[in-house]
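**Q** Dumping the structure here so I can ask a few things about it.
None of the figures in this text is laboratory data; all of them are computed from the coordinates on show. None of the values given here were measured: they were computed from a predicted structure. Methodologically, a virtual Cβ is constructed for each residue, glycine included, from the backbone with ideal geometry; neighbour enumeration extends over all protein chains shown.
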């Protein structure tokens, strides 16, 4: 438990969950929210944004979400004001959410580019070639899949 400090802002990953409604606890608009938010992603987005005075607290649950041990981030409001120029918590949350969302999109695009280099998933001829090259050539007795030992 962290002692009370009026300079600190508490930021929970649940504030950025795109599947959660505003009424259920999302604090940013849909265009600044992400899918499957976690503490590591929140920390990386805050660092990428330029925040320096950050403290992670893992294994802590939000009072309205006691079942999820999501953790939280403590951000210095004076540090946020001097490093990125935000004056309110809502502005800070929207900036972090926008950065986090762009990071997720970039990651998805990189994964898509990697998957586009290989054979297409639905192409049967390339799939059979992929299977043949992945399996080592064996000689001798071939085990039948339907055979059961008793």
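**Q** Pop a pseudo-label 7 angstrom from the Cα along the beta-carbon direction at both residue 48 and residue 35 and give the gap in nm to one decimal.
**A** About 1.7 nm separates the two model spin labels.
**Q** A follow-up question, please. Rounded to whole Å, give me the distance from the Cα center of region 16-80 to that of region 96-115.
**A** If we compute the Cα centre of each part, the gap is 18 Å.
**Q** How many nm is it between the label spots at residue 67 and residue 83, if each spot is 7 Å from the Cα in line with the beta carbon?
**A** Result for the modelled spin labels: 3.4 nm.
**Q** Here's something else I'd like to know. For region 8-117, what's the relative contact order in percent, using C-alpha pairs closer than 8 Å and at least 6 residues apart?
**A** Numbers: 167 pairs, mean separation 35.8, N = 110.
Answer for region 8-117 is 33 percent.
**Q** For residue 22 and residue 110, compute 0.36 nm times the residue count separating them, minus their Cα-Cα distance, and round to one decimal in nm.
**A** 28.6 nm
**Q** Same structure again: Classify region 8-117: rounded, prolate or oblate, from the alpha-carbon gyration tensor (a ≥ b ≥ c, eigenvalue square roots; a/c under 1.5 rounded; otherwise prolate if a/b is larger than b/c)?
**A** Values: a/c = 1.70, a/b = 1.25, b/c = 1.36.
Oblate shape, in that a/c is at least 1.5 and b/c is the bigger or equal ratio.
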